[in-house]
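Trainee: Pasting a structure here, questions to come.
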Amino acid sequence: MKNNLIAWEVSENDFPKNGTAKEKLEFFVRYAILAPSGHNTQPWLFEVNEDEMCINLYADRTRALPVIDPEDTELIISCGAALQNLITTMNYFEYFAEVDFFPSETDNDHLAKVRPMIGYEPDSTDKKIFTAIKKRHTNRMPFSDDKVDGYILEKLKAAVSEEKINLYIVEGEDIREEVIKIIEQGDKIQAANKSFCRELAQWVHPNRTNSKDGIPGYAFGMGDLISFGSPFFIGNLNWGDIQAGRDRNLVKGSPVLAVIESKNNKPIDWLHTGMALEKLLLRASSQGIAASYLNQPIEVPELRTRLKELLGLNGYPHLIIRMGYGKEVKPTPRRDVEEVLK
Ligand SMILES: Cc1cc2nc3c(=O)[nH]c(=O)nc-3n(C[C@H](O)[C@H](O)[C@H](O)COP(=O)(O)O)c2cc1C
């Protein structure tokens, strides 16, 4: 396994049952860093505090994406997904996770203090969901025609609503077609925006990259040769029409198209959105269901308003997700746990 994929080799058998508190807490962080993040920036830092027996989660804003995410919304959502992995892992190892959100009055990068408390009894669902942390990967490939059972969708909606977040399923051919058109417009607007392209090009790497962050071309379905030129193409060619056509086909062939929205639009809501996202993805993955994102309309303000009006949403849409059954895809790189420990 390549050096930058080694984080995925973490095994539950390595849990330091008889180790120190520090060793146990650091072990939990090894699962947190497998969470998804915008452009795979991994914008998080963890501080293991042995005295207080807790893990502090911080936003690492040096990894922000100022062009597509000027308010750091997706950055905080990504941290929320990592936080959910932390909680899921603690539960699996028989700890409740007591979470204090935004515990500092002065430091708004300090997103959460998480304290494991002994006595949690994981059931078979907790176990399946924990196992899914290593199985979950963003799958940007076409899905099969197999439908997702309504009962499973209800379970996914329920998991998201535990965080007071709404999973809106886009239904009806006409409405889906309108959403596809908005996504296509998003592709074209973003591809024509030089700043957007420059920012993306910094985070897309050739397949054989040794980089421990960013997205290797294979995650977009690129072969080795094409992936080698991808940072250049993204930064210099107008690829909007090609991407729009590709996204149209992907969405058309996806059994589920959904939007994740929060009621309010503050950092605490973004954090819960990230937790809800990871709950959704892990539950889906544990059922063999893959997902990927089409967030372009969220990242272009006028399209976000159009999407909201089209679907009659009362809240703030943050993520557009397609789901279905697909072939397995490869994991993407992660930084070593030592690099994210404060
Ligand atoms: C908040 C957020 C927004 C994302 N937006 C997009 C997106 O618009 N398009 C996309 O292809 N992937 C998107 N992703 C997926 C990331 O690129 C992906 O999580 C990252 O590259 C790591 O890969 P993995 O999910 O396979 O581990 C997003 C992920 C998060 C958490």
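FYI, it's all coordinate maths here, none of it is from the lab. Everything quoted here is computed from the prediction, not taken from an experiment. With ideal geometry, Cβ positions are generated from the backbone for all residues, glycine too; neighbour counts draw on all protein chains shown.
Trainee: When the convex hull of the C-alpha atoms of the range 3-137 is computed, what volume per residue in Å³ does it have? It would help to have the intermediate numbers written out before the result.
Mentor: Values: hull volume 16.3 nm³, N = 135.
Taking only Cα atoms, the range 3-137 has a hull volume of 120 Å³ per residue.
Trainee: What distance in nm lies between label points placed 7 Å from Cα along the C-beta direction at Asp336 and Glu154?
Mentor: 4.9 nm
Trainee: Moving on to the next point. Quick check: residue separation of Glu12 and Asp126 times 0.36 nm, minus the Cα distance between them. What number comes out in nm? Could the numbers behind the result be given before it?
Mentor: On the way: separation 114, 0.36 × 114 = 41.04 nm, distance 1.38 nm.
Taking 0.36 nm per residue and subtracting the Cα distance, the gain is 39.7 nm.
Trainee: Sticking with this structure for a sec: So what's the chain giving for Cα Rg divided by 2.2 N^0.38 Å, two decimals?
Mentor: Dividing the Cα radius of gyration by 2.2 N^0.38 Å gives 0.96.
Trainee: Could I ask something else about it? Select from Met90, Ala219, Asn314 the residue farthest towards the positive end of the dipole of the chain; place +1 on Cβ of Lys and Arg, -1 on Cβ of Asp and Glu, and compute about the Cα centre.
Mentor: The listed residue farthest towards the positive side: Ala219.
Trainee: Still on this structure: Using only the alpha carbons, work out the radius of gyration and Dmax of the range 203-342 in angstrom.
Mentor: Values for the range 203-342 (Cα only, Rg and Dmax): 16.9, 45 Å.
Trainee: Only four residue types carry charge here, +1 at the Cβ of Lys and Arg and -1 at the Cβ of Asp and Glu. Report the dipole size of the chain about the Cα centre in Debye, rounded to the nearest 20. Let's see the in-between values first.
Mentor: On the way: 42 positive and 51 negative charges, 190 e Å.
Dipole magnitude for the chain comes out near 920 debye.
Trainee: Same structure, new question: Set the Förster distance to 30 Å, then compute FRET efficiency between Glu177 and Asp146 from the Cβ-Cβ distance, nearest 0.05.
Mentor: For R0 = 30 Å, the calculated efficiency reads 0.90.
Trainee: Still on this model: Taking the Cα centre of the range 63-202 as origin, work out the dipole magnitude from +1 charges on Lys and Arg Cβ and -1 charges on Asp and Glu Cβ, in debye rounded to 20.
Mentor: 560 debye
Trainee: Could I have the simple spin-label model distance between Glu94 and Tyr325, label points 7 Å from Cα toward Cβ, reported in nm to one decimal?
Mentor: 3.7 nm
Trainee: Given all pairs of different Cα atoms, what value in angstroms does the Kirkwood hydrodynamic radius of the range 104-197 take?
Mentor: Numbers: mean 1/r = 0.0541 Å⁻¹.
Taking every pair of different Cα atoms in the range 104-197, averaging 1/r and inverting gives 18.5 Å.
Trainee: To the nearest 0.05, what FRET efficiency results for Glu71 and Asn249 with a Förster distance of 30 Å applied to their C-beta separation?
Mentor: Efficiency computed from Cβ-Cβ geometry: 0.45.
Trainee: Please work out how much length the chain gains when fully extended from Met1 to Asn193, using 0.36 nm per residue of separation minus the C-alpha to C-alpha distance, in nm with one decimal.
Mentor: That pair, Met1 and Asn193, stretches by 65.5 nm at full extension.
Trainee: Another question about this same structure. Using the alpha-carbon centroid of each, what span in Å lies between the range 94-118 and the range 245-311?
Mentor: 26 Å
Trainee: Between Glu302 and Glu23, how many nm apart are label points set 7 Å from Cα along the C-beta direction?
Mentor: 6.0 nm
Trainee: Just add up the charged neighbours of Lys135: K/R +1, D/E -1, any other residue whose Cβ is under 11 Å from the Cβ of Lys135.
Mentor: Its environment carries a net charge of +2.
Trainee: Further question on the same structure: For the chain, what does the helix formula give at 222 nm: sum of -39500 (n - 2.57) over DSSP H segments with n ≥ 4, over the residue count, nearest 500 deg cm²/dmol?
Mentor: -14000 deg cm²/dmol
Trainee: Based on the Cβ-Cβ distance of Asn108 and Ala201, what FRET efficiency does E = 1/(1 + (r/R0)^6) give at R0 = 25 Å, to the nearest 0.05?
Mentor: Efficiency at R0 = 25 Å is approximately 0.25.
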